[in-house]
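Values quoted throughout were computed directly from the atomic coordinates according to the rules given, and no laboratory measurement underlies them. Keep in mind that what you see is a predicted model, and the values were worked out from it rather than measured. Note that each Cβ is placed from the backbone with ideal geometry, even for glycine, and that neighbours are counted across all protein chains shown.
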Amino acid sequence: MKLSKLAVLCCFAASGAWAAGPHWEYEGHHGPAHWGEMSKDFEVCGLGKHQSPIDIRKAEMKADLPELAFDYAASPLKIINNGHTVQVNIDAGGGVKIGDHVYRLVQFHFHTPSEERIKGKPADMVAHLVHKDDAGKLAVVAVLIKKGKENAALKPVFDNMPIGAGPVHGVEGLSINAADLLPAKHGYYHFEGSLTTPPCSEGVRWYVLSTPVEASADQIKAFQKIHKHNARPVQPLNDRSVVERAG
Ligand SMILES: [Zn+2]
C-alpha cells in the first residue's frame, strides 16, 4: 500500500499531472500504446473494440438522424490544466437534446492536433464538449478547429489558460457560453466510441460536427505552448459504422 502510494506520488510530482491514478502521457513508456498495460482499470484501452478516436473515412448519409438541439447557457468561467489538457468545467451551462435524450454539458477541453481525422486528415485542434444524461451516459460533441481568424469565443479561455497543472480556478467576472464555440451548421458524423483518455471507457456517443470553426495561429500556438501534442492515435473501427447527418 505504502509503496504504490509512493509510486503515484513520485510520478505525480515529476509530471505535474493533476489527476489521480496511474501516470500516463502521450508519448514514450507511458504513451497510448502502453495505457492498457498500466493498470487493470485501463485494460479496455488495449482490449476495447469500440475505441475513440477514429479516422472517419466512410459515412452513410441518413435522413432520419435527430438534429442536435443545443440549448447552452452562460456559466462562470472555471478552468483547470490537469496535465493532459486545458479543461473548462461547466456548472449550469445548459445542454443538448438529441432525439429523446437530454444531455447536460459537464465540461469541454482541447486536443492538438484534433484526435479525430476526416479522410485521414486531422484539424489543428479540436474542442470536445462532454455531456451526461440522467443515467450517466456520455455524449461528446467534437468541434474541429482549423487555423484562420481569431476565435472570439475562445479568447476568455485561451487568455486565462493555466500554464502549469493545478486545481480548478475560477476567473473573476468572466463567463462562457458554449453556444459561442459552435459553427453555424450542425451537421455531424455519429458513431459509438470511448473516452480518448484512460480509462478509455466505452459506451460514449460521439457527434463530430462536419463544419469546423477557426482560431488564429497565435491562439493555437498559445495552447501548444502548454500542451504540445495531446492526441491519442486513431483506433480501429472494427464492426462499427459511421452515420452522417447533413447540415
Ligand atoms: Zn477529449
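Taking θ as phi - 60°, what are the ³J(HN,Hα) couplings along segment 105-120 by the Karplus curve (6.51, -1.76, 1.60), each to the nearest whole Hz, with x for Gly and Pro?
6, 9, 6, 9, 8, 10, 9, 9, x, 4, 6, 7, 10, 10, 6, x
So what are the ³J(HN,Hα) numbers for segment 213-228, from phi and the Karplus equation (6.51, -1.76, 1.60; θ = phi - 60°), rounded to whole Hz, Gly and Pro as x?
10, 10, 9, 6, 4, 5, 5, 5, 4, 4, 5, 5, 5, 8, 10, 5
Using every pair of alpha-carbon atoms in the chain, split the distances into 5 Å bins beginning at 0 and state the percent of pairs per bin, rounded to integers.
Answer for the chain: a P(r) of 1, 6, 13, 18, 20, 18, 13, 7, 3, 1, 0, 0 percent.
For Ala217, what is the net charge nearby, where nearby means another residue's Cβ is under 14 Å from its Cβ and Lys, Arg count +1, Asp, Glu -1?
Result for the local shell: +1.
Using helices alone, what [θ] at 222 nm do you get for the chain, with -39,500 (n - 2.57) per DSSP H run of 4 or more residues, divided over all residues and rounded to the nearest 500?
Calculated at 222 nm, the ellipticity per residue is -4000 deg cm²/dmol.
Residues with beta-carbon under 13 Å from that of Lys78, excluding Lys78: net charge, scoring Lys, Arg +1 and Asp, Glu -1?
Charge balance in the 13 Å sphere: -2.
Within segment 101-173, count lysine pairs with alpha carbon atoms under 23 angstrom apart where the residues are 8 or more positions apart or belong to different chains.
7
I want to check the label-to-label distance for Ala74 and Thr211. Put each point 7 Å from Cα in the C-beta direction and report it in nm to one decimal.
Each label point lies 7 Å from its Cα, and together they span 2.4 nm.
What does the charge count near Asp55 come to, summing +1 for each Lys or Arg and -1 for each Asp or Glu among other residues with Cβ under 11 Å from its Cβ?
Every neighbour counted, the sum reads +3.
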